[in-house]
1. Between residue 182 and residue 401, what length in nm is gained on full extension when 0.36 nm per residue of separation is reduced by their alpha carbon distance?
2. Taking Cα atoms of the chain, Rg/Rh with Kirkwood Rh, to two decimals?
3. For residue 354 paired with residue 500, estimate the spin-label separation in nm (one decimal), with each label point 7 Å from Cα along the Cα-to-Cβ line.
4. Grab the beta carbon distance between residue 347 and residue 87, set R0 = 25 Å, and tell me the FRET efficiency rounded to 0.05.
5. Give the peptides 480-491, 285-296 in descending order of average Cβ contacts within 10 Å, highest first.
6. For the stretch 342-447, place one equal point scatterer on every Cα, skip the solvent, and apply the Debye formula. What is log10 of I(q)/I(0) at q = 0.11, 0.21 Å⁻¹?
7. Rg to Rh ratio, the stretch 529-614, alpha-carbon atoms and Kirkwood radius?
8. Work out the P(r) tail for the stretch 490-577: percent of alpha carbon pairs separated by more than 20 Å, whole number.
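Readers should treat all values here as calculations from the given coordinates under stated rules, not as data from a laboratory. No experiment lies behind these values; they were computed from the predicted model shown. A quick note on method: Cβ atoms are made from the backbone with ideal geometry, for glycine too, and the neighbour counts reach across all protein chains shown.
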Amino acid sequence: MVQAHVTQCSACAGRAHFELRQHANRFASTSGRCREALCAPSRHQDRRLLHGRHRGMPALRAVAETLVQEALPSASAAAPPRAPTDFEYDAVIVGSGIGGLTTATQMAAKGAKVVVLEKYVIPGGSAGHYHREGYTFDVGSSMMFGMGQEGTTNLITRALAAVGKRLDTVPDPTQIHYHLPASSAHPQGLDVKVWRKYNDFVDELSERFPHERKGIEKFYGECWAVFNSLNSLELKSLEEPRYLLGEFAKHPIACLTLASYLPSNTGDVARKYIKDPELLSFIDIECYCWSTVLAEHTPMINAGMVFCDRHYGGINYPRGGVGRIAELLVEGLQERGSYIEYKANVKDIIVKGQGKEQKATGVRLADGRVFCGKAVISNATRWDTFEKLMAQEEMPASEALFRKRYKKSPSFLSIHIGVRAEALPAGTQCHHIIVEDWARMEEPFGTLFVSIPTLLDPSLSPDGTHIVHVFSPDWIDNWKTLSVAEYERKKEEIADSLVKRVEAYLPGLAEATVFREVGTPRTHRRFLSRDDGSYGPIPSRRPLGMLGMPFNRTSVQGLYCVGDSTFPGQGVNAVVFSGFGCAHRVLCDQGKQAVIPVLDQGYNALLAAVRDRS
Ligand SMILES: NC(=O)c1ccc[n+]([C@@H]2O[C@H](COP(=O)([O-])OP(=O)(O)OC[C@H]3O[C@@H](n4cnc5c(N)ncnc54)[C@H](O)[C@@H]3O)[C@@H](O)[C@H]2O)c1
Ligand SMILES: CC(C)=CCC/C(C)=C/C=C/C(C)=C/C=C/C(C)=C/C=C/C=C(C)/C=C/C=C(C)/C=C/C=C(\C)CCC=C(C)C
């Protein structure tokens, strides 16, 4: 029995998060598996025992087999053939997050042969989804930007189209329903909905702050100036001067506008127009809920993107779940003759040479296989890439500088809940932010995020039920040095307390719960292989807008980074942009796309000098 479990649980066994003996003991004692959300054949079996909600439990082996089938997505159900190791790929890509998959598909669409090596059993990383007892749970949140049909900033739509895919989406009438602290002006609490129609949102916010209508219009107006500029450009690598010159020639005003905003932060722009401290706190939560920092640390270009795309292309839910984006990208990749391999745990990036001559030539897996590539592209975080996948002495000086400028963002505590439908009052919106005390907003559990994706796509849960996903920023330090029993108890206690707070808006949520599983920063670290479970870099001090964020090239030749550790940072559409940029730069470096050599060398020498400046 233990053997059966270990085989089925190879995703986590691969991560070595339990001693085999410990694993076996727990399997024997609870007849369950690792008690973690995201572990494919995971804990609802424990839940069956803990809550006695499922009677007549069949033989354990049969349950285990069912769970494995339930948890695995269709994309990986038919295991793809192993990727060959006997030739040199155009790129070896570490990780199938949306950043890695965008790079892979952009390159494959241009005829390159790439292999994506994914440690887990499903694609998509933090934007994947998994199945349990008839529920399809999004790993991260369910709010997708970049899925509109027009302009150039509909990056997810474009990434799919590049490999001949299209995803049906459901428009969300609001981006967020905010439930914010009470004040003398708003004794019942500040309640604001960000409507899909821009004017409806501005009217609602101005009703709450009538004396600030002009300021509101001017602040969000400036965000539109940024967005309209972005939305007129073809979005590719900012490390490639031929492309940049072409865009400057076609859209000089848009490029100059963006160049002027590169060093600026949202808080400074907001303070130019808005004086009311409560409204400034509102702008802070508008930023914090996606950048995990306040407005004064949030780059204005990113704010322009987020605050306007929600009204332009709108927030659109991918029918079938967020993980469909990754699954379709994988299909497109394989149809173009490139490869993805799951349970492929990259242990080392192979680097030859010393100092400026360092060159990445491939990767080695935990099982000893070596994949050689003209380029190695890491979708792991920078901390994982340079501290775990490469020897410490190989870390370039520019990475030390990055570590001074940026620190890891918090991770999340995440509660995936299945509830009876009657728990949701009529008119409930899909996404909610709850803050009871502005002073505690940035503390662990100070801000609650709630997504109810089944309001948009009922097919994600069994008839008569909904999914309520409650999550809140939290740090791994809160979960260190706990025994297994303490860890389990703490998870349930904190989950109960967060659910209680959500009940202020969804009364009866706990009572209507029929399924629940809790993930912690440790879960994110384990299953997404993100150092400390972090969701990406945040500035450690006041940043110069986006100027400090690294692009895709690194100071090691042939080694590139993609994903939220690179410009423009966190967010699914942000990492798609980083994937477009990365693929473009790699294809140029491999002579598959045209460059102007002298210009390219000069410009990149300049960027490298800035990047390596200590
Ligand atoms: N808008 C939303 O609602 C939402 C939801 C989820 C995620 N996100 C965003 O997505 C961003 C992350 O995307 P991303 O593309 O940068 O990365 P990611 O973390 O999603 O994906 C990285 C992938 O690399 C794999 N990996 C890491 N190390 C590996 C190794 N050594 N060997 C093999 N595989 C390895 C991981 O298993 C994971 O699948 C986050 O910043 C977050 O903001 C947003
Ligand atoms: C010379 C040089 C260098 C330059 C020149 C000038 C120019 C041309 C410039 C340009 C620039 C550009 C292009 C830029 C770009 C940018 C971009 C694309 C950006 C993007 C961004 C995005 C983002 C940030 C996004 C984000 C999102 C997110 C994060 C989300 C999240 C969400 C969540 C968490 C959810 C919430 C929930 C609830 C409420 C429940």
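1. This chain segment gains 74.7 nm when fully extended.
2. 0.95
3. 6.2
4. The formula returns an efficiency of 0.75 here.
5. Result, highest mean first: 285-296, 480-491.
6. -0.62, -1.17
7. Taking Rh as the inverse mean 1/r over Cα pairs, Rg/Rh reads 0.99.
8. For the stretch 490-577, the share of Cα pairs beyond 20 Å comes to 58 percent.
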